[in-house]
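Everything on this sheet refers to the single structure shown next.
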Amino acid sequence: MVLAESVHKRFGTVEVLRGIDLQIAAGEVMTILGPSGSGKSTFLRCINHLEKINAGRLYVDGNLIGYHERNGKLHEMRDSEVVKQRAEIGMVFQRFNLFPHKTAIENVIEAPMRVKGESKSVAVAHARALLDRVGLLDKCDNYPNQLSGGQQQRVAIARALAMKPKLMLFDEPTSALDPELVGDVLDVMRGLAEDGMTMVVVTHEIGFAREVGDQLVFMDGGVVVESGNPREVLANPQHERTKAFLSKVL
Amino acid sequence: MSSGATAENAGSTRPADIKAVPVRHPGRWVAMVVIGVLVAMFVHGAFFVHVHRGTLRQNRIPWDIVRKYLFSSNLLHGAVLTIELTAIAMAIGIAGGVLLAVMRMSVNPVVSGVAWVYVWFFRGTPVLVQLLFWYNISYLIPTPEKLTLGVPFGPAFVHFNPNTLITAFVAVSVGLGLNEAAYMSEIVRAGILSVDEGQTEAASSLGMTRGMTLRRIILPQAMRVIIPPTGNETISMLKTTSLAYVASVPELTTAASRIYATNYQTIPLLTVASLWYLFITSILTVIQYYVERYYARGSVRQLPPTPWQRFRTMLTTFHAPPPATVALTGRVGGAP
């Protein structure tokens, strides 16, 4: 589903990603671990072209992200084409980023109606089903600031799912939450994984990575240090850097 | 109801309510006396007949003349013109301001440069000069009875007569509006910049285009920052329309000055004009209050009651303390 080949990303003179090679199959859950500044969030943002990569190739579902390749030459995509690619990739942010001037259900129906042109009745019915799924059917008409962090994040997940994405990206979805509320969000994500959604999750939740992940990637300094089956990597890390990191967080 | 008490010890261990001696505020009494004297001086000077060495001196505001002209047709017509000029100028100003702000933030360097030059020019020249310029624009046109718009030395698109099209009223309202657009564009830009970057990212990740994101997500949130200074600009514009005297548009101030030019009752007529300006400003202030309230949805958990709602609550529940807040979504109680 996702194929990264030698992905490089620079911010000015700082090399944030220095050659990432990864492959994620359809229906797989990949969790990315690593210290802050290791480039894991940046890599996630490259997948839906919120950041432009400087070298390498990124494919989602066989399509090159952000560019057309014709006769060995890359052409930048028009905005309208980038937007179409993004519409098929859901993203959940650390800070939720719900639209504060819209109620929970308005947040969810906005993109399906405006981007996909769904009728209001269809969008609302789908949105109610999604909010029910994340356990917030009774909060449809609440504004985001009337919801707790965990509830906001679950609305954000429902909002991303409303576009029926083929891939979901999670950027530290539980890092801004009270410890008590983390569980609810992880439960929703676990349910998604069980239903066969392809997911890339940047997280610090080791338990989630172990139980739900099919593949674990440990990143540091803009490269993949170690990857493999999460249970094996966590139980028996091969690299010194991975061992040092895990000894602090486990 | 008592917070902090658990079910077991509630009631039995609750200490008596604190009855402390309140802090004294002598400054309030001093301020009250000083202000009181000043107000008495003003009222005495403005409303009472003065007697100086046994003779009556007429050095007060002649309220009978104020009353005579307050609803005179010339001044009422002037007040209507003032409101019309303000409305048209602000409509042009707000529309132009949004357009310029969006242009200024465009990734297209030509478009953004044009917006920058516009703001630089219109903020850099006096609005009075701009009005005189628009009023006298026909002097710049070699054939004043026929103006042609089109590609230079190429095909023409439209012909019109500038002397009939650009009346004094049009010159003033458009002139004020174009000048206002420059100021409004900076207000709108500040509003757009105040919206969190994450909102744009969230909208992009949902596949929304940049235009859609601006219209549906960014501008509605920017409104909260844009409304107060826009209300300020509108009230300021109400007074700036008095510059229309350079084009002989008989708005409120011009109408008043035409009358006192003949009867020399300068102060009473300026008082009449000021009373009308105050009245219109009061209405604009109320409108601004409700517009701000509307755009506060989602940014405060519960909206405070309007003065009118508070008044009604006071009437219905005369002895009970008024509720602190009114539920925004119709359901009482906010976030869990």
Seminar exercise, completed: Among strands (runs of 3 or more DSSP E) entirely within the range A:5-101, at least 2 residues that are among the acidic types (Asp, Glu) occur in A:14-24
Problem set entry | A:Ile53 vs. criteria among the hydrophobic types (A, V, I, L, M, F, W, C) and either away from chain B (no Cβ under 14 Å) or touching a residue at least 40 places away in the same chain (Cβ under 8 Å) (or both) | yes
For this session: Being in a helix (DSSP H, G or I), among the charged types (D, E, K, R) and at the interface with another protein chain (Cβ under 9 Å from one of its Cβ atoms) is the filter here, so list the residues in the range A:102-116 that pass it.
Result: A:Glu110, A:Arg114
For this session: State which residue pairs qualify: first residue without any contact (Cβ under 8 Å) to a residue 60 or more places away in the chain and inside the range B:103-117, second residue surrounded by 13 or more Cβ atoms within 10 Å (Cβ to Cβ) and in a loop (DSSP other than H, G, I, E, B) in any location, beta carbons under 8 Å apart, and separation of 6 or more residues or different chains.
Result: B:Ser112/B:Met105; B:Ser112/B:Ser106
Seminar exercise, completed: When every residue in the range B:302-324 that is surrounded by 14 or more Cβ atoms within 10 Å (Cβ to Cβ) and either within 14 Å of chain A (Cβ to nearest Cβ) or closer than 18 Å to B:Gly231 by Cβ (or both) is compared, the one modelled with the highest pLDDT is B:Thr306
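Let's see how each residue does on (1) under 22 Å from B:Leu178 (Cβ atoms); (2) surrounded by 22 or more Cβ atoms within 10 Å (Cβ to Cβ); (3) of a type outside the set (Gly, Ala, Ser); (4) facing another protein chain (nearest Cβ under 7 Å):
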residue: B:Thr200; (1), (2), (3), (4): no, no, yes, no
residue: B:Leu214; (1), (2), (3), (4): no, no, yes, no
residue: B:Arg224; (1), (2), (3), (4): no, no, yes, no
residue: B:Asn232; (1), (2), (3), (4): yes, no, yes, no
residue: B:Ser236; (1), (2), (3), (4): yes, no, no, no
Problem set entry | Number of positions in the range B:188-198 that are part of a helix (DSSP H, G or I) and within 10 Å of another protein chain (Cβ to nearest Cβ) | 2
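Residue-wise test of (1) within 14 Å of another protein chain (Cβ to nearest Cβ); (2) not aromatic (Phe, Trp, Tyr).
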residue: A:Gln153; (1), (2): yes, yes
residue: A:Arg159; (1), (2): yes, yes
residue: A:Met168; (1), (2): yes, yes
residue: A:Glu172; (1), (2): yes, yes
residue: A:Val188; (1), (2): no, yes
residue: A:Met197; (1), (2): no, yes
residue: A:Glu211; (1), (2): no, yes
residue: A:Phe218; (1), (2): no, no
residue: A:Val224; (1), (2): no, yes
Exercise. Given the residues B:Ser204, B:Ser185, B:Ser282, which is the only one that is in a helix (DSSP H, G or I), within 14 Å of another protein chain (Cβ to nearest Cβ) and over 13 Å from B:Thr82 (Cβ atoms)?
Worked result: B:Ser204
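The values are calculated or read from the model by the stated rules, or taken from the named source; none is laboratory data. All figures in this text were calculated on a predicted structure; none of them were measured in a lab. Here the Cβ is made from the backbone with ideal geometry for all residues, glycine too, and neighbour counts use every protein chain on show.
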